[in-house]
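Worksheet: one structure, shown below.
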Amino acid sequence: MSRVWIFLDESGTVDFDSQVSPYFAFGSATLSDRHDDVYAAFMRARTTRTGLENGFHCYNDSRDTKAALFGEMKNLDIRYASTFMAKARAYSYVQKRPKIWLYKYTLFTHLQKLIPTVSAPGDDVRVIAAHISMGAKREAVIAAVDDVCQQFSRTRDVTPHIWKSPTSAGLQISDYALWATQRSLLSGRPCDEYDKIIKPREIFTQFPWGKV
């Protein structure tokens, strides 16, 4: 039996407003049980940043900070995957569902393909989702992650967690990987971080509702 760690980050708004964000997406970074090198790389990158207190978040980080973390990521044994749900292509009856439905369905769709690929029956799978701010819906998010993980528990020991991104190198790396993947997708232009670091280690990028 092996232990597998799946760190998950999301992108886009949890609604069906395609003008704000055309996709709602989950991206993941999958690590083996022994991933001390990831945390060591995280510390090396952190020490290059003066006055950095709250960890990394790619969208807000400076160009130098991005270079520091991507520079470490290119040498790490991490597997990446992403799932993009094109909001405008959802059926009208689906678009009327509560926000938490889109979050939960995208998470399930992502893990349904990922877990059988990165683990074997009997494995111990730790699923760590990034904390998401949904106000009073916090308990609904926790319940959604727990329920999705339980659906895979017949063949694997799947344990759900929700952590704040600044506390985890794995979550910050999944955030960086999803940023690069989405940038490549939406810009239509080459993205070095995606082409050279993420894509060679990519398990899949899927579009269950097609592209926009």
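The values are calculated or read from the model by the stated rules, or taken from the named source; none is laboratory data. The model shown is predicted, which means the values in this text are computed figures rather than measured ones. Neighbour counts run over all protein chains shown; Cβ positions are idealised from the backbone, glycine included.
Structural remarks
- Criterion applied to Arg63, Arg126, Arg138, Arg79 was being in contact with a helix residue (DSSP H, G or I) (Cβ under 6 Å, 6 or more places away or on another chain) and surrounded by fewer than 21 Cβ atoms within 10 Å (Cβ to Cβ), and the one residue passing it is Arg79.
- Among the candidates Thr117, Thr50, the residue that is at pLDDT below 90, of a type in the set (Val, Ile, Thr) and surrounded by fewer than 16 Cβ atoms within 10 Å (Cβ to Cβ) is uniquely Thr50.
- Residue, modelled with the lowest pLDDT, within segment 142-183, restricted to residues that are closer than 13 Å to Phe7 by Cβ and small (Gly, Ala, Ser): Ser165
- Of residues in segment 184-212 being at pLDDT 95 or above and of a type in the set (Val, Ile, Thr), the one farthest from Asp77 (Cα to Cα): Thr205
- Each residue in segment 15-47 was checked for being of a type in the set (Phe, Trp, Tyr) and surrounded by fewer than 16 Cβ atoms within 10 Å (Cβ to Cβ), and 1 of them qualify.
- Within segment 1-15, tally of residues that are at pLDDT below 90 and not β-branched (Val, Ile, Thr): 2
- Glu139 being of a type in the set (Asp, Glu), assigned to a helix (DSSP H, G or I) and under 26 Å from Asp15 (Cβ atoms): yes
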